[in-house]
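Below: one structure, written as structure tokens.
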Amino acid sequence: GWFGFNGGSAGAASAGAAFACLATQLSASVAAIVWTALDVIENGKVSVLGTCTASIAGLAAITPAAGFVGPVGACLMGLASAIVCRFFSTTVKEHFGYDDSLDVFGVHGVGGFLGTCLLGVLASPVFGGFNDVPMLKQTIAQCTAAVMTAAYTAVASYACLKATDFITNGIRVPAEAEEVGLDVYSHGETAYTPMPR
């Protein structure tokens, strides 16, 4: 899917599409390797969930930049996304205690924001990129767009959350529903049963 999205954004079977696919592969791969190495350093073992999450972080970060960065930029994007997204998905989430079970904010939100900002730097020919706009000018434009989009998204999401809260008379299920699960609480059945040992 990601190759179709990033490579397909070129609109043709061209060198641009091929480079976008290459950048996509490199960023996801480097992110998975770096995140996994950090898991081993910190926890002494590999986490399959961490490795999979890392590849998604690399994909989220490269998406805004896939058609503009070369192989070096893609690898650096993967490196940065692994470090920054892992920090947000573990340390920041634990510190603030927010509910993000799938790390949507820490991986997709932070990764996409990071990729949008880094595009200004990594798309430069200095890093093998394909952008002829001066690095500082492009980085300012990218960071401005990322901040404005994040602000808009925060306000719009809050408005939708409040509207949903008003319409449904509360957005959080009761504690009992969280304990037994929504399938049992809402429907009186379980969707999945544990496998016998």
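Table for the structure above
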read-out	value
For the chain, with +1 on Lys and Arg beta carbons and -1 on Asp and Glu, the positive-most of 167, 122, 190 along the dipole	122
Cα-based shape type of region 48-146, given that a ≥ b ≥ c are square roots of the gyration tensor eigenvalues and the cut on a/c is 1.5	prolate
Within region 45-147, trypsin sites (Lys or Arg not before Pro) in DSSP loop having at most 14 other beta-carbon neighbours inside 10 Å	45
Cβ charges +1 (Lys, Arg) and -1 (Asp, Glu), total dipole of the chain, debye	620 debye
Crossing angle, helix 135-168 versus the chain [Cα axis fit, 0-90 degrees, rounded to tens]	20 degrees
Estimated vicinal HN-Hα couplings, Hz - region 85-99 in sequence order (Karplus 6.51, -1.76, 1.60; Gly, Pro = x)	5, 5, 4, 6, 6, 10, 5, 5, 4, 5, 5, 8, x, 7, 8
At most 10 other Cβ within 10 Å, DSSP loop - chymotrypsin sites (Phe, Trp or Tyr not before Pro), region 118-197	192
Among 31, 43, 18 the positive-end extreme of the charge dipole of the chain (Cβ point charges)	18
The chain: proportion of alpha-carbon pairs further apart than 30 angstrom, %	35 percent
Probe 1.4 Å, accessible area per residue of the chain, Å²	61 Å²
Rounded, prolate or oblate (a/c below 1.5 giving rounded, otherwise prolate when a/b exceeds b/c) for region 94-197 by Cα gyration tensor	prolate
Carbon/sulfur fraction of accessible area - the chain, other protein chains in place, 1.4 Å, %	69 percent
Between 0 and 90°, nearest 10: helix 110-122 axis offset from the chain longest Cα axis	0 degrees
Lys/Arg +1, Asp/Glu -1 at C-beta; region 38-121 dipole; positive extreme among 53, 72, 104	72
Shape category assigned to region 137-197 from the gyration tensor of Cα positions, a/c cut at 1.5	oblate
Solvent-accessible surface ranking, highest first, for 135, 148 at 1.4 angstrom	148, 135
Centre separation in Å (Cα based) which lies between region 1-48 and region 71-130	12 Å
Mean ellipticity per residue at 222 nm, deg cm²/dmol - from DSSP H runs of n ≥ 4 across the chain, formula -39500 (n - 2.57)	-21000 deg cm²/dmol
Helix 15-43 axis, angle to the chain major axis (alpha carbon atoms, nearest 10°)	50 degrees
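The values are calculated or read from the model by the stated rules, or taken from the named source; none is laboratory data. For clarity, every value in this text was computed on a predicted model and none was experimentally measured. Here the Cβ is made from the backbone with ideal geometry for all residues, glycine too, and neighbour counts use every protein chain on show. Calculation scope for accessible area: heavy atoms of the full protein, side chains included, ligands and nucleic acids excluded. Shrake-Rupley method; radii C 1.70, N 1.55, O 1.52, S 1.80 Å.
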